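What follows draws every value from the coordinates through simple rules; no lab data is involved. Nothing here was measured: the structure is a model prediction, and the numbers come from that model. No Cβ is skipped: glycine too gets one built from the backbone with ideal geometry, and neighbour counts run over all protein chains shown.
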Amino acid sequence: MPQPITVTISHQLGKAEARRRIETGFADVEKQIAAGPVRMLSLNQRWEGDCLFLEGGGLGQKITGQIEVRDDAVVIQIDLPPMLAAFADAIAGRLKKQGQKLLGKQ
């Protein structure tokens with residue numbers, strides 16, 4: 001059974017600017033995640049409205065999730081398979097840290 005992790009990152013950018021930053025900065029976030037405990041992670045992505053859907057895997061396990069861009073926050077939800085659930089806190093921490101960098105004042 002997948003273990004969901006949810007990270008909410010507040011911002012003051014407005015929806016359009018937050019989405020633009022996610023679109024342009026997602027590759028960097030993906031590299032940071034891949035450099036962590038799940039080094040073999042690869043993700044496919046597709047946008048539907050203001051929601052970025054993710055699908056990929058690491059260590060032979062399937063990972064799915066989404067990033068919802070709101071006017072004042074970005075909500076990231078990732079469903080980890082049981083084998084990767086031990087890394088949930090580390091993954092959530094990296095997502096929060098990198099998301100705050102991406103959505104902070106530049």
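Between Met1 and Lys96, what's the calculated FRET efficiency when r is the beta-carbon distance and R0 is 35 Å? Round to 0.05. Don't jump to the answer; show the numbers that get you there.
Values: r = 24 Å, r/R0 = 0.68.
Efficiency, from the Cβ-Cβ distance: 0.90.
How would Leu13, Leu103 line up from fewest to most surrounding beta-carbon atoms within 10 angstrom?
Values: Leu13 18, Leu103 21.
Ascending Cβ contact count within 10 Å gives the list Leu13, Leu103.
Report the gain in length on full extension from Glu23 to Glu68: 0.36 nm times residue separation, minus Cα-Cα distance, nm rounded to one decimal. If you can, show how the numbers build up before the last one.
Numbers: separation 45, 0.36 × 45 = 16.20 nm, distance 1.21 nm.
Difference between extended and current length: 15.0 nm.
DSSP loop trypsin sites (Lys or Arg not before Pro) in region 60-106 with at most 10 other Cβ atoms within 10 Å of their Cβ, which ones? Working shown, then result.
Details: sites: Lys62, Arg70, Arg94, Lys96, Lys97, Lys101, Lys105; in loops: Arg70, Lys105.
When the trypsin sites (Lys or Arg not before Pro) of region 60-106 are filtered for loop state and at most 10 Cβ neighbours within 10 Å, Lys105 remain.
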